[in-house]
Amino acid sequence: MPATLVIAAIGGTVLRFVTTSPMWIDEALSVNISSLGPSGAIAALHHDGHPLLYYLLLGWWTDVFGNSDFAARSLSGLFSLGSVPVLALVARRRYGVEVSRHTVGLALAAPFLVRYGTEARMYSMLVFLVAVGWLMFDRAIDRPDMSRLAPLALVCAALVNTHYWAFWLLASVALGLLWHWRKACPADRTTDIRVLTAMGLGASTVLLWLPVLLDQAAHTGTPWAPRARPAEVIVETVQAIGGGRRFEPMLLGIVLVLFVVLGATYAGRVDRELRISTSALPSTIGPMWMISATLAVGGLASLVLGGAFEARYAAVIVPFLIVLSARGSAALGRRAAPAALAFLVLGGLFVGADEARRDRSQGREVATAIDSLAQPGDIVAFCPDQLGPPTLRYLSFDGPAVSYPPGFDPNRVDWSDYLERIAAADPSAFAADLDRAAGPHAIFLVFNSTYNGFEGRCETIVNTLTDLGRDDHILVNGRPIFQPMFLRRLGAAQ
């Protein structure tokens, strides 16, 4: 096992800070919004769908270390690494030294933590806050005095101001406490009320953000994907912990789920044989409740409210999955447990290394192609506008840039009433305006018509421009990656 932990430490640390991929849209938007300063970020988030805290931290971070891809992503890498010792402490408190060691190995090599440690997004920060919150919760339950309740309240405040799925997590904790309160003795009831009050006070800080939250709820949502179905939530969660949708990550995700089940039901050994309970044990009911209740509450909310679910939202339950899977692998005994841990660690590092070499966006490739050909007077256009931020981040050409639907800064995306604005924007009129603005100069059109709501619209722009006499040359074809792009040069007819 020591060798496995050394490999996990070296591999997991390196992979959190090494990726060759250019930033995809969400990362580019994070950097662009965070660079606006507190007041500018607040104004920008009216048109986005997230709370403020991560953007403030990223803005301060890039002010000090710069906004290169490595610098912006390194904050997430540190949060991802910081989750490891916190989860080890939680596992040690709950299940002992051996499970803590397995937790260290699994957390270091966890594909989810490795992947989101290399993204300029809030998901590794969310995992870190959930892990700290779990530790603070356990300490407050043991002794609910102010020295332990105050840190719990602070973590809850940070959670609700980092990602909205934290609401479903805290709602699940509250439901669990209320259920326990019904049958508890007076002393435990007092503890439950104190802990619940501390959590409520922390979560209530979101009231400071309420005007923006209500505006986002009324106008943004998740227009880039259809509403989530229950089966989708479960499958994408398995994919998330395994590291992706390819065969190897899916296999690893299924194996990890099996270890989670074993970790929740392992009841000890009798004559060297495993004893398995038919239900979660008292020591594992809490994390199992957090996994199932959070997914159920969040999935139901998404279904009712029409929201989407993405694998990265599973960040709010990843700490519970890691610790329970560590308990499951440790349950196999002195001979099998090290082999199981080695398999999970090496599998996680393999998936992480494979992910590190894959491009998530073609923004840099497209920008390079434009820079090699663009001349003064040329125009760069994006359909949809979601391709603008990850391309403009790498573009040196300083000519005009516009996006469809029109009317917003192409370095950002206005998610407000998004599908309605797409439907209201006439792609033929947009193309005609683009043709007039370019005149005798070329138009570089970055496009992908497979985005939700854009079906056929980007093609209409191309067809209108060719009907107006422009020559059409495909410069870059989309590749089968996370965010593919196509680039066409539409020059004025000679």
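The values are calculated or read from the model by the stated rules, or taken from the named source; none is laboratory data. Nothing here was measured: the structure is a model prediction, and the numbers come from that model. Positions of Cβ are backbone-derived with ideal geometry, glycine not excepted, and every protein chain shown enters the neighbour counts.
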Review point. When only residues in the range 457-475 that are among the hydrophobic types (A, V, I, L, M, F, W, C) and surrounded by fewer than 20 Cβ atoms within 10 Å (Cβ to Cβ) count, which is modelled with the lowest pLDDT?
Key: L468
Practice item. Give just the number: which of (1) surrounded by 23 or more Cβ atoms within 10 Å (Cβ to Cβ); (2) hydroxyl-bearing (S, T, Y); (3) outside any helix (DSSP H, G or I) does S329 not satisfy? Key: (3)
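To keep it simple, each residue is scored yes or no on (1) surrounded by 24 or more Cβ atoms within 10 Å (Cβ to Cβ); (2) on the phi > 0 side of the Ramachandran plot; (3) within 22 Å of the chain's Cα centre (by Cα); (4) modelled with pLDDT of 95 or more.
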position: L349; (1), (2), (3), (4): no, no, yes, yes
position: R357; (1), (2), (3), (4): no, no, yes, no
position: T368; (1), (2), (3), (4): no, no, no, yes
position: S372; (1), (2), (3), (4): no, no, no, yes
position: D378; (1), (2), (3), (4): no, no, no, yes
position: A381; (1), (2), (3), (4): yes, no, no, yes
position: D385; (1), (2), (3), (4): yes, no, yes, yes
position: P390; (1), (2), (3), (4): yes, no, yes, yes
Practice item. Could you check how many residues of the range 37-60 are more than 16 Å from the chain's Cα centre (by Cα) and under 22 Å from P384 (Cβ atoms)? Key: 4
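In the range 11-25, what residues are touching a Lys or Arg at 6+ places or on another chain (Cβ under 7 Å) and among the hydroxyl-bearing types (S, T, Y)? Full working, then the answer.
So in the range 11-25, the residues touching a Lys or Arg at 6+ places or on another chain (Cβ under 7 Å) come out as 20-24.
The answer is T20, S21.
Go through the range 58-70 and give me each residue that's part of a helix (DSSP H, G or I) and either surrounded by 16 or more Cβ atoms within 10 Å (Cβ to Cβ) or among the aromatic types (F, W, Y) (or both). I'd like the intermediate steps shown before the answer.
Step one: filter the range 58-70 for residues part of a helix (DSSP H, G or I), giving 58-65, 69-70.
Of everything in the range 58-70, those that are part of a helix (DSSP H, G or I) and either surrounded by 16 or more Cβ atoms within 10 Å (Cβ to Cβ) or among the aromatic types (F, W, Y) (or both) turn out to be L58, G59, W60, W61, T62, F65, D69, F70.
Specify which of the listed residues (V345, V318) is of a type in the set (A, V, I, L, M, F, W, C), in the same structural domain as W289 (by TED's automatic domain parsing), in contact with a helix residue (DSSP H, G or I) (Cβ under 6 Å, 6 or more places away or on another chain) and over 24 Å from G133 (Cα atoms).
On the way: V318 fails: over 24 Å from G133 (Cα atoms).
Just a single option satisfies the conditions, and that option is V345.
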**Study point:** Filtered residue count, the range 393-407, keeping only those that are free of Cβ contacts under 8 Å to residues at least 24 places away in the same chain and surrounded by fewer than 19 Cβ atoms within 10 Å (Cβ to Cβ)
**Key:** 2
Review point. Taking interchain pairs and intrachain pairs at least six residues apart, which have beta carbon atoms under 6 angstrom, with the first residue in the range 206-229 and in contact (Cβ under 8 Å) with a residue 60 or more places away in the chain and the second assigned to a helix (DSSP H, G or I) and of a type in the set (G, A, S)?
Key: A228/S302
Check your understanding: Of all residues in the range 1-36 being small (G, A, S) and farther than 16 Å from V351 by Cα, which is nearest to the chain's Cα centre (by Cα)?
Key -> S30
Exercise for review: From the list L262, L258, L207, L213, pick out the single residue that is more than 22 Å from the chain's Cα centre (by Cα) and more than 30 Å from L346 (Cβ to Cβ).
Suggested key: L207
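Look at S416 and say whether it is among the hydroxyl-bearing types (S, T, Y) and within 26 Å of A217 (Cβ to Cβ). Steps first, answer last, please.
Numbers: among the hydroxyl-bearing types (S, T, Y): yes; within 26 Å of A217 (Cβ to Cβ): yes.
In short, yes.
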Revision key, fill the gap. Among F486, F482, F454, the single one that is out of contact with any helix residue (DSSP H, G or I) (no Cβ under 8 Å at 6 or more places or on another chain) and crowded, with 19+ Cβ neighbours inside 10 Å is F486
Practice item. Starting from residues that are of a type in the set (F, W, Y) and touching a Leu at 6+ places or on another chain (Cβ under 8 Å), keep the ones in the range 437-451 and report whichever is modelled with the highest pLDDT. Key: F444
**Study point:** Qualifying positions in the range 183-198 - part of a helix (DSSP H, G or I), surrounded by 13 or more Cβ atoms within 10 Å (Cβ to Cβ) and not acidic (D, E)
**Key:** R189, T190, T191, I193, R194, V195, L196, T197, A198
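Residues G399, G388: which one is closer than 28 Å to G306 by Cβ and not aliphatic (A, V, I, L, M)? Even if it seems obvious, please write down each step before you answer.
Numbers: G399 fails: closer than 28 Å to G306 by Cβ.
Sole residue among the options that is closer than 28 Å to G306 by Cβ and not aliphatic (A, V, I, L, M): G388.
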Practice item. Consider only pairs whose beta carbons are under 8 Å apart and that are at least six residues apart or on different chains; among these, list those whose first residue lies in the range 60-79 and is at pLDDT below 95 and whose second residue is not polar (S, T, N, Q). Key: N67/V31
